[in-house]
Amino acid sequence: MKFELTEEEVKAIRALVRLEKIWPKSLWLFSASGSLCLMRNNKDGSRAVIVNGGLHPSDSVDPDYIVCNVNIPNDGGDW
């Protein structure tokens, strides 16, 4: 599907592409029910999660590692 993008949309996309090039490996983004959370990794570089019984599906992101929330509409669902 093709879209005609506005100048504002093109600028935002370019900004994200530039950001991708300088993004530190110590940070990652997590989408939580429409809230886009900027997260810090553990000291070992892994994503900070709370392990609930050791099974990945029951693990959850550790909210203590939230750096800030970013007000950009998002959805964390799979396709």
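Once the range 36-62 is narrowed to residues that are exposed (fewer than 10 other Cβ atoms within 10 Å of the Cβ) and either at pLDDT below 70 or assigned to a helix (DSSP H, G or I) (or both), the residue that is farthest from the chain's Cα centre (by Cα) is 53. Quick check: anything in the range 11-27 over 18 Å from the mean Cα position of the chain (by Cα), among the acidic types (Asp, Glu) and at pLDDT 85 or above? No, the range 11-27 contains no residue that is over 18 Å from the mean Cα position of the chain (by Cα), among the acidic types (Asp, Glu) and at pLDDT 85 or above.
The values are calculated or read from the model by the stated rules, or taken from the named source; none is laboratory data. This is a predicted model, so every value here is computed, not measured. Because the Cβ atoms are built from the backbone with ideal geometry, glycine has one as well, and the counts that use them run over all protein chains shown.
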